[in-house]
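Structure, as structure tokens:
The values are calculated or read from the model by the stated rules, or taken from the named source; none is laboratory data. None of these values were measured; they are calculated from a predicted model. Note: areas computed on protein heavy atoms with side chains; ligands, DNA, RNA excluded. Shrake-Rupley method; radii C 1.70, N 1.55, O 1.52, S 1.80 Å.
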Amino acid sequence: MSGREGGKKKPLKAPKKDSKELDEDDIAFKQRQKEAQKALEAAKQKAAQKGPLVGGGIKKSGKK
């Protein structure tokens, strides 16, 4: 009965990932992702300038 065996054991270090070569398809895909991200950011900026879409708050019926 060794006192060193109890408790959590340290996890093994994960091996380093190899840098993989990018082919033309990967490069094109990353370029499309960047363009889509830029378009999304532009849309967010444009939407932030306008303000709220709904105005007037709680709608009341005409009945009393």
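Points to keep in mind about this one:
- Bridging of LYS60 to lysines at a Cα separation below 26 Å is possible for LYS50, once same-chain residues fewer than 8 apart are set aside.
- All aspartates and glutamates inside 18 Å of LYS38 as judged from Cα atoms, apart from same-chain residues fewer than 8 positions distant: none
- Rounded to the nearest 10 Å², the accessible area of ASP23 at probe 1.4 Å: 80 Å²
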